[in-house]
Amino acid sequence: MQTVLGAGGPIADELVHELHRTYTKDIRLVSRKPSRVDDTDELVAADLTDTEATRRAVAGSEIAYLTVGLPLDSKLWERQFPVIMRNVIDTCAEHGTKLVFFDNTYMYPGTSAPQTESTAFAPGGPKGRVRGQLATMLLEAMRANRVQGLIGRAPEFYGPGSTKSYTNSLVFDRIRAGKRPFVPVNAHTERSLIWTPDAGRALALLGNTPDAYGQTWHLPIDPNRRTYAQLIELASEVTARKIGYTILPMLAFRLGRHVVKPLDEMYELIDRYRADNIFDSSKFATRFPAFQVTTYREGVERILAN
């Protein structure tokens, strides 16, 4: 049995598809209101902030994948995420279940320095501090041999379907709707973006690779990074029409955050768009040379073909 804790998001769905295709059909999906991805999925409704519910959700699992996402609300993150991580670690330790944690880069410094698995945490706000706390909790449990775990860390998403990210919502969703895309802060800094199906495939591969445990892994991206200007140029080529764009300056976010709560929650992260984002996934590429990464051109073509 392989169990996905926090089922229902785009990464979790891609993970389930890959587990079903390649590794096992004995899959359990856990969330507050789970729904099947494949016909053979087992569904368990659970609130992972509840200790007993977490125990029931994990019981009998060989591997558990923690892919929980919460709304972009700092106070909610501070209240719930550490409780969820503590419950999952304790339960996996109790049942001898391997733990694969899907993580992001919010705890990294928002500079142009290359980000590797050994980059020191330097969060710039509450969401980054929470993400750093979660990763540290698991790393400490791994070092103490309480759990056999690994961390799969990803930069910002882009992808097909209902993928939710600033890049999708501001750029590609608007292009698909025939609207002028918005670029946050700077159109000419290099972005590191992960294709959501690649993230799901990579998590499944790591979880089913025994020697991947005990480590942090940067999930695979196309190393030929593009700026937003270049991504929009690709979109122009794919759609055979000239696409302009509008830059949203920091001032717009700085002023808007005082009157619009979602902008206030975004503000901690928007500053990162000022500089190049150099997410290095060469460790994964070296260990898994046969893994086929989706190029940015292929990704843009697939998004705009939907």
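Tabulated data for the structure shown
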| read-out | value |
| --- | --- |
| Peptides 172-181, 23-32, 196-205 ordered by average Cβ neighbours within 10 Å, highest first | 196-205, 23-32, 172-181 |
| Around D39: net Lys/Arg minus Asp/Glu count, Cβ-Cβ under 15 Å | -1 |
| The range 111-246, relative contact order in percent, only Cα pairs under 8 angstrom and at least six apart counted | 28 |
| Relative contact order of the range 177-306, pairs being alpha-carbon contacts under 8 Å that are 6 or more residues apart, as % | 40 |
| Lys/Arg +1, Asp/Glu -1 at C-beta; the range 205-283 dipole; positive extreme among L205, P249, Y228 | P249 |
| Summed residue charge, Cβ within 15 Å of G200's Cβ, Lys/Arg positive, Asp/Glu negative | -2 |
| Amide H contacts under 5 Å for T227, placed H, 5+ residues apart | R191 |
| Karplus (6.51, -1.76, 1.60) ³J(HN,Hα), θ = phi - 60°, over the range 35-40, in Hz, Gly and Pro reported as x | 9, 5, 9, 10, 4, 8 |
| Trypsin sites (Lys or Arg not before Pro) restricted to DSSP loop in the range 41-144 with at most 14 other C-beta within 10 Å | none |
| Built amide H within the under 5 Å cut-off of T216, gap 5+ | I151 |
| Estimated vicinal HN-Hα couplings, Hz - the range 280-291 in sequence order (Karplus 6.51, -1.76, 1.60; Gly, Pro = x) | 9, 10, 5, 4, 5, 4, 5, 6, 10, x, 7, 5 |
| In sequence order, calculated HN-Hα J values of the range 178-195 (Karplus, 6.51, -1.76, 1.60; Hz; x Gly/Pro) | x, 9, 6, x, 9, 10, x, 6, 8, 8, 10, 9, 6, 10, 10, 10, 10, 6 |
| Nearby aspartates and glutamates by direct alpha-carbon distance to K261 (threshold 15 angstrom, same-chain neighbours under 8 apart not counted) | D73 |
| Relative contact order %, the chain, counting alpha carbon pairs below 8 Å whose residues are six or more apart | 18 |
| Of all DSSP beta bridges in the chain, antiparallel share, percent nearest 5 | 5 |
| MRE, 222 nm, helices only [DSSP H, n ≥ 4, -39500 (n - 2.57), over the chain, to nearest 500] | -11500 deg cm²/dmol |
| Filter on K179/K242; K75/K127; K164/K283 - keep pairs with C-alpha separation over 18 Å | K164/K283 |
| Size of electric dipole in the range 236-306: Cβ of Lys, Arg +1 and of Asp, Glu -1, about Cα centre, debye, nearest 20 | 80 |
| Around D222: net Lys/Arg minus Asp/Glu count, Cβ-Cβ under 10 Å | +1 |
| Amide H partners (placed H, <5 Å) of A64, local residues excluded | T3, K98, L99, V100 |
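We did not get these values from a lab; they are worked out from the coordinates using the rules stated. Keep in mind that what you see is a predicted model, and the values were worked out from it rather than measured. Cβ: placed from backbone, ideal geometry, glycine included. Neighbour counts: every protein chain shown.
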